[in-house]
Amino acid sequence: MAEATAPKPSSSVKLVLLGEAAVGKSSLVLRFVNNDFQENKEPTIGAAFLTQKCNLPTRTIKFEIWDTAGQERFASLAPMYYRNAQSALVVYDLTKPTSLIKAKHWVAELQRQASPGIVIALVGNKLDLTNESSGSGNALGEDSETDAAEGENDDGDARKVSTAEAKTYAEEEGLLFFETSAKNGTNVTEVFTAIANAIPETSLKGARGPGATQSSANRTEDQSRVNLTGPRDSASKEGCAC
Amino acid sequence: MESLSETKWDVVIEGTGLQHSLLALALSRSDKKILHVDQNEYYGAAEAAFSLQEVDGWVERTKGCSDGAPFRNATLWKADDDESTNSEKLAFSRSYTLTLSPQIIYTKSKLLALLVSSKVYRQLEFQAVGNWWLYNEVDEELLKRLPNGREDIFQDKSIDNRAKRSLMKFLKFIVDFENQTGIWEAYGDSSLQEFLSSQFQLPPRLQLVIAALTLSFDSPDKTTVRWALPRIARHLTSMGIFGPGFSAVVPKWGGGAEIAQVACRAGAVGGGVYVLGTDVENSQTIESTEEEMLEQKFSLSLSNGETVTTRHYINTKDPTASDGIVVSRIIAVISSPLLPIFASSTEGSPLAAVSVVVFPPNSFSQDGVSLTHPVYIMIHSSETGECPVGQCVLYASTRYFENSKVVLEATISKFLEAVKDNVKLLYTLYYEQQQVTATSSLDLAFDDQILDNVEEQWKAVSGYGDDEEHPPFMQFADREGMNADDDNDDGY
Ligand SMILES: Nc1nc2c(ncn2[C@@H]2O[C@H](COP(=O)(O)OP(=O)(O)O)[C@@H](O)[C@H]2O)c(=O)[nH]1
Ligand SMILES: [Mg+2]
C-alpha cells in the first residue's frame, strides 16, 4: 500500500438517525456502510453504532452513526443520543404520510435539544416503490409538482408524499433534502456526502458541543482524554470507503 | 403503538439508575425479553444529569415529594446578570449538564474493566480527576495540593523529616494492609485519627491529608479504621494505572448519567424495550394453582394503564437498603476557569477535568459557622462538557445536619476567596439527598459493591446457579459494524 501523500485531516462526526419505526433508517445505514439490503429484516436489533468513512477532496469525515436501537417505539431515546451530534438523518417513508408528520416532530425536537450548529438532512425513503426510478435530490427539477399523488395510482405508484411538499418544508427549515431507496441504493451515498460537506469546519477537530465550539483552544479535548485500553497505537490504519 | 402486555417478559427492570442500567447492559446479550421502565421522562434516576431548564422542572417536582423520596428541600438561586460580561453570566440552558450524584471512579474500580470488556466504553469518554487540595486556615497557603507520590513528599518543605519517615512507613503499610492485619485488626473499630497518631505518629496535618483520601462524610475521629483503610489503599494503588498523576476518572458530559444511558442503549440494542415516564404502580405474585410451574411469576400494573406479566421483577422498592444517611449538596456555577486548580503537577499527565478540594472539620470558622464534618468540593472544568468555557461547576457535599446549607455556602465562599480569582457565583442549587434504596449510593466515589449486586441479579435472571458453568460477566464481543481497529485510527 503506497503512502505517497500526507494523510488528509480526518475528523469524527456523530450522526444520529431519527424517524418513525420501519421507514428504513437501519436499511439506509446498512446500504451506506455495507452496500447491502435485506428485505423484511428484523427491526434494528444488533446494530446501533456503526462507523463509516467518507472521503472528501480536502478531508476525511468518519461518521459515527447512532441508530435508534429500536428505542423510537416508545419515544424513549436517551438525551445522550442527540447531545453532541453534529448531524442528523431524519427519515420518513414516502409511501406513508404520517411518517412525514413524525419526521417534522423530530426536526423540531432537534432544533430544541441538539447542538445549535447541527446539520439535518430530511430523507424520503423507499423511492423504489414509486414510478420514478431515477433519484430525486437537491438538484430536483420542477417536474415534481405533478405527482402530488392522492391515493394509490393505477400504475402501481405507492408514493403518498409529494416531492414538492417535503422539499418546500425542508427549504423552510434549512434542511438538506433527498429522496432515496435503501433497496436499490439510489441517492444513499449522496445523502452522507452532502452531510459531510455541510459540516462546518469550525465544529470539527474533535471539538463538540456548545462549550467546545466557542473555544479557540479547542485542541485541549485530546489532552484531557484518558484512554482505558492502554497506550494508543499511533500507526493508524487507513481504510477508505466512500 | 404496540401493546406491552402482549409479550411475556422474562424480566421487568424498574428505574434507570446506574445499577439497574448496568444490569440491562449485563443482560443485553442474553436473548431475554426485557422491559425496562422508568417513572421519569429521563434516564439515570438519582444519577440523572440536567440542563438548567431541566433543573427548574426537577426542583418543582421534588417539592411535591414525600418523606421517602431520595431528594428534598431543593432550592435554586441565580445571579442577576444585567451588567455582566459574557463569561460572567449564565449561558443558555443546554450549555450545562449538572449531575445530581457527582462521583469519581477510581481507576482500579472493576466498573472500568467491565465497561471495556462489554465494549460500551467506546461510546464514553473518560477524563482525569487530577489535583487534590486541602484547605486549612492555619497555613499561609490556604489551599495546599496533596502530595501525588513519594517524590512530592520528599520535596515538601512543610513536612519535617520525622513526619516524612512516619508518612513513608504508613504508605508502605497501607498498600499491603490486607496482609498486615496484625498492625490494624485490633484497632478496626477505633477511629482513623487515633490509629494514625498512635501507630504511626503522624502529626495532625498529615492525618488530615490521609483522611481526605477516604472521602468520608464523618470526621477522622468518627471514621473507623476498618472502613477507612481499604479506601485509602484504593486511592494510592489507583495512581498511575491509566497514566501518571491521577487515580480516578469521570465520564465526560455528565458522569453517572452518561454511563446509565450508554448501558440502557446497549440494552435496547440487544432488543430490550425502553419506556420512560412509566412506573410500576402495583405488583402481584401470580399464584401457581396448576401442577405445572408457571413461567410468569409477577403481574405488574403500569402507570400507563397496561398490565404486564414477567418471570423476574427487579424493582427499586427495597426497604432493607436505607442506612439513614442524608447528604447536603450544592451545585454551583462560577465565572472562572480556575486554571491554577487544574494545572498539572505531574509530567505527562492528562489535563485534569476534575479537581477535589477537601475542607477538613474545623478548617475554618466564621460568623458562628464552623465545620463539624468534612466538606468536599469537586470542581469540574468546562472540559467535562458540563459548562461553557470560562466557567466551572462546583459540586459541594457534606453530611446533612441542621446548619448544613449555611455551612456549604460558607465553604464555597471560603474557597472562592482562597483562589483569589475575582470569581462570581452565577448559580447555586441546594438539595438534600438520602439513600432510599441499595441501588443508589451517596458515596463520592463509585462503590464496587454495586457491581456485585448487578452480577447477582444477572445470575438470577439468567438462571445460572452458583456452581454452574456460565459465561463470564459482561464479556462481550464487538457487535457487527464496529471495527476492532477503531481505537487507534481516530486521528485528528
Ligand atoms: N421497498 C423498500 N423497502 C425498504 C427500503 N428501506 C427499508 N425497507 C424495508 O422497510 C422495513 C423497515 O426497514 P428498517 O431499516 O428496519 O427501518 P427502521 O425501523 O427505520 O430502521 C424493512 O422490511 C426493510 O426491508 C427501501 O428503500 N425500499
Ligand atoms: Mg431501525
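Provide a whole-number value for the mean count of partner chain Cβ atoms within 10 Å of the Cβ atoms in peptide B:258-269.
Neighbouring Cβ atoms belonging to other protein chains average 5 per residue here.
DSSP loop GluC sites (Glu not before Pro) in region B:205-300 with at most 15 other Cβ atoms within 10 Å of their Cβ, which ones? Provide the component values of the computation, followed by the final result.
On the way: sites: B:GLU258, B:GLU281, B:GLU287, B:GLU290, B:GLU291, B:GLU292, B:GLU295; in loops: B:GLU287, B:GLU290, B:GLU291, B:GLU292, B:GLU295.
Listed in order of number, the matching sites are B:GLU287, B:GLU290, B:GLU291, B:GLU292, B:GLU295.
Determine, from the Cβ-Cβ distance of B:LEU76 and B:VAL406 and an R0 of 22 Å, the FRET efficiency 1/(1 + (r/R0)^6), rounded to the nearest 0.05.
Approximately 0.85, to the nearest 0.05.
State the antiparallel share, in %, of DSSP beta bridges confined to chain B, rounding to the nearest 5.
Looking only at bridges with both residues in chain B, the antiparallel portion is about 75 percent.
Viscosity 1.002 mPa s, temperature 20 °C: give me the Stokes-Einstein translational D for region B:366-433 in µm²/s, with Rh taken as the Kirkwood radius over C-alpha pairs.
Answer, rounded: 164 µm²/s.
Could you check the simple spin-label distance between B:CYS65 and B:THR237, using points 7 Å along Cα→Cβ, in nm with one decimal?
Once both label points are built, they end up 3.6 nm from each other.
Mind giving me the FRET efficiency for A:GLU39 and B:ASP466? R0 is 51 Å, r the Cβ-Cβ distance, nearest 0.05 is fine. Before the final figure, lay out the partial values.
On the way: r = 46 Å, r/R0 = 0.89.
Calculated transfer efficiency: 0.65.
Which shape class, rounded, prolate or oblate, goes with region B:78-220 when its Cα gyration tensor gives a ≥ b ≥ c as root eigenvalues, a/c under 1.5 marks rounded, and past that a/b bigger than b/c marks prolate?
oblate
Enumerate the amide H contacts of B:GLN103 below 5 Å, restricted to partners 5 or more residues apart or on another chain; note that Pro and chain-start residues carry no placed amide H.
Residues meeting the amide H criterion: B:GLY256.
Sequence neighbours fewer than 8 away in the same chain don't count; with that in mind, list the lysines whose C-alpha is under 27 Å from A:LYS126.
A:LYS126 reaches A:LYS14, A:LYS25, A:LYS41, A:LYS53, A:LYS62, A:LYS96, A:LYS102, A:LYS104, A:LYS160, A:LYS167, A:LYS183.
Length gain on complete extension for the stretch B:ILE183 to B:ILE286, per 0.36 nm per residue less the alpha carbon to alpha carbon distance?
Length gained between B:ILE183 and B:ILE286: 31.7 nm.
Using 0.36 nm per residue, how much length does the chain from B:ALA418 to B:ASP56 gain when fully extended, once their Cα-Cα distance is taken away? Mind showing how you got there, number by number?
Working: separation 362, 0.36 × 362 = 130.32 nm, distance 3.05 nm.
The span from B:ALA418 to B:ASP56 would gain 127.3 nm if fully extended.
Once phi is turned into ³J(HN,Hα) by the Karplus curve 6.51 cos²θ - 1.76 cosθ + 1.60 with θ = phi - 60°, what whole-Hz value does each residue of region B:408-415 show in order, with x for glycine and proline?
For region B:408-415, the Karplus curve yields 4, 4, 5, 5, 5, 4, 4, 4 Hz.
Average partner chain C-beta neighbours within 10 Å, per residue of A:63-76?
Values: counts 0, 4, 1, 2, 3, 3, 10, 7, 10, 1, 6, 12, 6, 14.
Averaged over the peptide's residues, the number is 6.
Semi-axes of region B:149-238's equivalent ellipsoid from the Cα gyration tensor, sqrt of 5 times each eigenvalue, largest first, rounded to whole Å? If you can, show how the numbers build up before the last one.
Values: eigenvalues 77, 39, 33 Å².
Semi-axes (√(5λ), whole Å): 20, 14, 13.
Leaving out ligands and nucleic acids, note down the accessible area per residue over the protein assembly as shown with a 1.4 angstrom probe, in whole Å².
43 Å²
Please get the size of the charge dipole for region B:149-238, origin at its Cα centre, with Cβ charges of +1 on Lys and Arg and -1 on Asp and Glu, quoted in debye to the nearest 20.
260 debye
How about B:LYS164: which lysines have a C-alpha closer than 28 Å to its C-alpha, ignoring those fewer than 8 places off in the same chain?
Leaving aside lysines fewer than 8 places away in the same chain, those within reach of B:LYS164 are B:LYS108, B:LYS144, B:LYS172, B:LYS222.
Can you give me the long-range amide H partners of B:THR223? Hydrogens built in the peptide plane at 1.01 Å from N, cutoff under 5 Å, separation of 5 or more residues or another chain.
Amide H neighbours of B:THR223: B:LEU192, B:GLN193.
According to a simple spin-label model (label point 7 Å from Cα along Cα-to-Cβ), what is the distance in nm between B:SER365 and B:GLN201?
Calculated label separation equals 3.1 nm.
Chains A and B: how much accessible area gets covered up at their contact, both sides added, probe 1.4 Å, in Å² to the nearest hundred?
Counting both chains, the buried surface is close to 4900 Å².
Of the heavy-atom accessible surface of region B:149-238 (probe 1.4 angstrom), what whole percent is carbon and sulfur?
50 percent
Give the shape of region B:324-417 as rounded, prolate or oblate, defined through the alpha-carbon gyration tensor: a ≥ b ≥ c are the square roots of its eigenvalues, a/c under 1.5 means rounded, and otherwise the shape is prolate if a/b is larger than b/c and oblate if not. Please list the in-between numbers first.
On the way: a/c = 2.03, a/b = 1.88, b/c = 1.08.
Taking the square roots of the gyration eigenvalues as a ≥ b ≥ c, region B:324-417 is prolate.
Mind giving me the nanometre distance, one decimal, between the label points for A:ILE101 and B:ASP452, set 7 Å out from Cα along Cα→Cβ?
It works out to 5.4 nm between the two label points.
For region B:64-133 and region A:163-200, what is the separation of their Cα centres, given in Å?
One Cα centre to the other: 37 Å.
For region B:391-482, which trypsin sites (Lys or Arg not before Pro) are both in a DSSP coil and crowded by at most 15 other Cβ atoms within 10 Å?
B:LYS420
Considering amide H positions built from the backbone, and no H for Pro or chain starts, which residues 5 or more places from B:LEU426, or on another chain, come under 5 Å of its amide H?
For B:LEU426, whose amide H was placed from the backbone, the distant partners under 5 Å are B:VAL333, B:ILE334, B:SER335.
For q = 0.07, 0.12, 0.14 Å⁻¹, what log10 I(q)/I(0) does chain B give under the Debye formula with an equal point scatterer on each alpha carbon and no solvent?
Treating every Cα as an identical point scatterer, log10 I(q)/I(0) equals -0.40, -1.15, -1.47.
Taking N as the number of residues in the protein assembly as shown, what value does Rg over Cα atoms divided by 2.2 N^0.38 Å take?
So the Cα radius of gyration is 1.02 times the expected 2.2 N^0.38 Å.
Classify region B:42-153 as rounded, prolate or oblate, taking a ≥ b ≥ c as the square roots of the eigenvalues of its Cα gyration tensor: rounded when a/c is under 1.5, otherwise prolate if a/b is larger than b/c and oblate if not.
oblate
The values are calculated or read from the model by the stated rules, or taken from the named source; none is laboratory data. The model shown is predicted, which means the values in this text are computed figures rather than measured ones. Note: ideal-geometry Cβ built from the backbone for every residue, glycine included; neighbour counts use all protein chains shown. Heavy atoms of the whole protein, side chains included, go into the accessibility calculation; ligands, DNA and RNA do not. Shrake-Rupley method; radii C 1.70, N 1.55, O 1.52, S 1.80 Å.
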